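**Q** Shown below is the structure under consideration.
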Amino acid sequence: MSVALSALCACAPAQSARSFNGDWNEARAREIALDVSRSWQLSDAKDFHGTPAVDLQRTVYSVLPFDRAGESRWLVLLAVVPPNQNCRACAPVTGGVIFNHKDGAWNAGYDQSHIVSIGANGQPPRARVQSLSPAQPAVAFEMASMAQGLAATTLTLVTEVQGQLREVLSVETAESNEAAGLRDDQTYKWQANVEASPSSKAEFPDLVVKSAGTKVAEEGQKARPYTSTWIYRFSGASYRLMP
Amino acid sequence: MAEFEIVSPADNTIFNIDPGAAATGPQMPVIQAEARFNGLIPDPTTTATFSWLVTIKFQCSDCTNGRNKELNDEFRLTSVGGKFTINFPRIRGGALTISVAVDTATKCYGLETKGLKIQGVNPSRGEVNVACGTEIVQKMVMQESGRRQFDAASNAGVSDCPLFSGDRLGGVGLFQITNPAPTPEDHWDWTANLNHGLQILAQKRAVARAYPARVRNSGAFQALVQRFNVGRNPPAVIVLPDFTAQQLELDTTRGYNGFAGADAFGNVLHEFRVPVDAAGNLQVNVGPDNRGVIAWQQVPAADRPQNTGDPNYVNNVLSQRP
């Protein structure tokens, strides 16, 4: 028996439980990422609001190109959540597996069990790539939600810092109370764009958040025109609002 | 032995907010503080005036999905003698520091505790359900937070943090109070959170109750009726009734998540709508008395905006088991 197994292994030297040969194969990458996620240690208290971390449901919800400085890579994002963790406040844990291409094989070279806990009703946010610079790809998690008639979208940027995927910025990019059923003059809506400063050439460029629309100073007051420009600068660990 | 020391509470002691009952609300711990002098003659411990400063600091962003907001509290008291019973005036959690200072004739003494904290404890299922009152409110609390005020298991789970919404809108506690922005009490006092939610629900109920009349009085609805009556002689009497008690309850529930979207009459989209066919014509049965009473139609989740809020919020609430 052992002879036969050795012979089998010799046929596929570059293939392992965490890698596959040939062209990029998203279906295979999803399978590997799910397998990898089964080894993640997640805790009841820290990750799931005290709900026991048993029978966890794991779903690949986004597969993103994550090239860095010419190196081909893919990031597979997974949502992990206990069964019935579906309250409005409840967010799944998002973990990730990064595949890199080496010696003709795609290898799950890095994985992280807990990147963010963002979501609602047990569902994760939308995710897309928003590169900060050619050498610094980032994931933009966009969470649109509503509560008591307040609708808002939050943008959370995650990128590699000191070898880990880390949240570096989280800002609101839209807010409206149109669904609150208030009088027209108390109803407001604003939106914001987040862009890298064109004058900034750094790996972590300044990020400019420009908002425009209407807003109320306090609940119940009349909505007024609103514009703002905020600049965020990378501090070594995350982006901070410049005074 | 130190010349002046805080005997109690010991550094790094953790206190809990007792969740109490629906009728009483939560109770802050009662802390017996004691400071004393050692080796001074005469010993001023029982006669000196002790000035106490009690501080609680809490930064929401230290918790999962909490926003950058500080909820701090402090109060001062004096005692003659080194023993002092701390009765907190407000329900608050966070890092607790007790400072004490004494001026003697020869020297000013001051000390503060280290590492104390006050945590929240989730109320029991029974007490939450009593406080909710109606079944629909019990279900809403399940839908919003899984019946958790704090970021721990329901029914007596303990945490340093209130339960903040995973969407990062700043919603907090049992009823996930978001809009208007939650008060400090909404963070730490589960009965205050619940009562605030009930107040918001009352506002939504008023909006829901007024909706049928808003539609009836709109020019667009009247035009719809006119179009329906083209060719009818005499024209049918079309009645758009107020919501039934059950419809009002469901529309109020809808409002708690949000009236996202627009109806056909220039209003926000409610849980129910006036039924029209694919061509936009009014759907109503006219009886032999030439009278037609419109039956409000529940808007299917698929017909609601899919990119904001929970299109299936009302059904999700109804499916909860409190």
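Bear in mind these aren't lab numbers, they're just calculated from the coordinates by the rules spelled out. Computed from a predicted model, the values in this text were never measured in an experiment. Because the Cβ atoms are built from the backbone with ideal geometry, glycine has one as well, and the counts that use them run over all protein chains shown.
**Q** Can you find, among A:Leu56, A:Gly95, A:Phe141, the residue farthest towards the positive end of the dipole of chain A? Put +1 on the C-beta of Lys and Arg, -1 on that of Asp and Glu.
**A** Value computed over the given set: A:Phe141.
**Q** Compare the Cα positions of B:Ile6, B:Val80, B:Pro26 along the charge dipole of region B:4-120 (+1 at Cβ of Lys, Arg; -1 at Cβ of Asp, Glu; about the Cα centre) and return the one farthest towards the positive end.
**A** Projecting each Cα onto the dipole axis, the largest value belongs to B:Pro26.
**Q** Amide H to amide H, which residues 5 or more places from A:Arg68 or on other chains are under 5 Å from it, using H placed in the peptide plane?
**A** When sequence neighbours closer than 5 places are left aside, the close amide H contacts are A:Arg73.
**Q** Show me, for region B:211-218, the HN-Hα J-couplings you get by feeding each phi into the Karplus relation (A = 6.51, B = -1.76, C = 1.60, θ = phi - 60°), rounded to Hz, glycine and proline as x.
**A** 5, x, 5, 4, 5, 3, 8, 7
**Q** Kindly identify region A:15-118 as rounded, prolate or oblate by the Cα gyration tensor criterion: order the square roots of the eigenvalues as a ≥ b ≥ c, call it rounded if a/c is under 1.5, otherwise compare a/b with b/c, prolate if a/b is larger, else oblate.
**A** prolate
**Q** Looking at region B:164-243 from every direction and averaging, what is the projected area of its Cα convex hull in nm²? Intermediate values should be presented prior to the final figure.
**A** Values: hull surface 29.6 nm².
Averaged projected hull area, Cα only: 7.4 nm².
**Q** Suppose every Lys and Arg Cβ carries +1 and every Asp and Glu Cβ carries -1, with no other charges. What dipole size does region B:4-120 come out with about its Cα centre, to the nearest 20 debye?
**A** Values: 11 positive and 11 negative charges, 50 e Å.
Its charge dipole is roughly 240 debye.
**Q** Once you keep just the Cα pairs under 8 angstrom separated by 6 or more residues, what percentage relative contact order results for region A:145-243?
**A** Working: 204 pairs, mean separation 20.1, N = 99.
The value is 20 percent.
**Q** Provide the per-residue ³J(HN,Hα) series for region B:58-74, in order, calculated from phi with Karplus coefficients 6.51, -1.76, 1.60 and θ = phi - 60°, each as a whole number of Hz, with x at glycine and proline positions.
**A** Whole-Hz 3J(HN,Hα) from phi for region B:58-74: 8, 10, 4, 6, 6, 9, 4, 6, x, 8, 6, 8, 9, 10, 10, 8, 7.
**Q** Strictly under 4.7 angstrom between C-beta atoms: which cysteines of chain B have no such partner?
**A** Lacking a cysteine Cβ partner under 4.7 Å: B:Cys60, B:Cys108, B:Cys132.
**Q** Please report the equivalent ellipsoid semi-axes of region A:125-243, computed as sqrt(5 x eigenvalue) of the Cα gyration tensor, largest first, in whole Å.
**A** On the way: eigenvalues 188, 49, 21 Å².
After diagonalising the Cα gyration tensor, the semi-axes are 31, 16, 10 Å.
**Q** Relative to the longest principal Cα axis of chain A, at what angle does helix A:26-37 sit, 0 to 90 degrees, rounded to 10?
**A** The two axes meet at around 90 degrees.
**Q** Can you give the charge dipole size of chain B about its Cα centre, rounded to the nearest 20 debye, using +1 on the beta carbon of Lys and Arg and -1 on the beta carbon of Asp and Glu? Before the final figure, lay out the partial values.
**A** Values: 28 positive and 30 negative charges, 211 e Å.
Result for chain B is approximately 1020 debye, rounded to the nearest 20.
**Q** What angle do you read, to the nearest 10 degrees and between 0 and 90, between the alpha-carbon axis of helix B:135-145 and the longest principal axis of chain B?
**A** 60 degrees
**Q** Counting pairs of alpha carbon atoms under 8 Å apart in space and at least six apart in sequence, what relative contact order in percent does chain A give? Could you put the intermediate results ahead of the total?
**A** Values: 537 pairs, mean separation 26.4, N = 243.
Relative contact order comes out at 11 percent.
**Q** Taking square-rooted eigenvalues a ≥ b ≥ c of the alpha carbon gyration tensor, is the protein assembly as shown rounded, prolate or oblate, where a/c under 1.5 means rounded and, failing that, a/b exceeding b/c means prolate?
**A** Details: a/c = 1.97, a/b = 1.17, b/c = 1.68.
Oblate.
**Q** Let me have the relative contact order for region A:15-118, percent, based on Cα pairs under 8 Å that are six or more residues apart.
**A** 28 percent
**Q** Let me ask you something else. Report, in whole Å, the centroid distance computed from the Cα atoms of region A:150-192 and region B:262-315.
**A** For region A:150-192 versus region B:262-315, the Cα centre distance is 30 Å.
**Q** OK, next. Amide H of B:Ser8: which non-local residues (sequence gap of 5 or more, or other chain) have their own amide H closer than 5 Å, using H built in the peptide plane?
**A** Distant-sequence amide H within range of B:Ser8: B:Glu34.
**Q** Over the Cα atoms of region B:205-318, how large are the radius of gyration and the largest Cα-Cα distance (Dmax), in Å?
**A** Considering region B:205-318 through its Cα atoms, Rg and Dmax are 14.7, 46 Å.
**Q** Oh, and also: Rg/Rh for chain A to two decimals, with Rh computed the Kirkwood way over all alpha-carbon pairs. Kindly include the intermediate steps, with their values, before the conclusion.
**A** On the way: Rg = 21.5 Å, Rh = 20.3 Å.
Across chain A, the Cα-based Rg/Rh ratio is 1.06.
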